[in-house]
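Here is the structure we will look at.
Bear in mind that the values in this text are calculations on the coordinates, not laboratory data. Since the structure is predicted, the reported quantities are computational estimates derived from the model, not experimental observations. Positions of Cβ are backbone-derived with ideal geometry, glycine not excepted, and every protein chain shown enters the neighbour counts.
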Amino acid sequence: MVTRQIELTEEQNETLEQLAASRGEPVSDLIRAGLDVVLKESARPESRAPHLTARESELLFAINRGLPAADAERYRKLVAHRREGALTPDQHRELLALTDEVERLQAERIERLAELANLRRMPLGALMEELGIRPSPHA
């Protein structure tokens, strides 16, 4: 038998230990069983992920790009203040600037989606469905 070392997050380790205890099995047996499932699944030809070109990877990265986390959180807070009618003039200007950035990113996302659909020779709607992207209810 070969020994391998893996690094787990605290949460993963805790979950593994709880699951193994609930089954009355050693953690190592549970890990081996999980690895067997992954290896068997990856050996099936239909389960292999399609190869992406460099351009497709770039486009998917751009499609999935959003506001940085701190800006997104600030945007949500400012929208909530606006709904409450509690925006100061400075907050209003900040919200407008963030809204401009959100709209710019959305426009870029649509352009990249259209380019990817064109590369794959498929309708934009079909690509969005394939990627699990739904149109915004605010569009």
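Percentage of Cα-Cα pair distances in the chain greater than 28 Å, rounded to whole percent?
In whole percent, the long-distance tail amounts to 53.
Below 13 angstrom from the Cβ of Asn118, what's the summed charge of the other residues (Lys, Arg +1; Asp, Glu -1)?
That works out to +1.
Counting Lys and Arg as +1 and Asp and Glu as -1, what is the net charge of the other residues whose Cβ lies under 12 Å from the Cβ of Glu17?
Around Glu17, the surrounding residues sum to -3.
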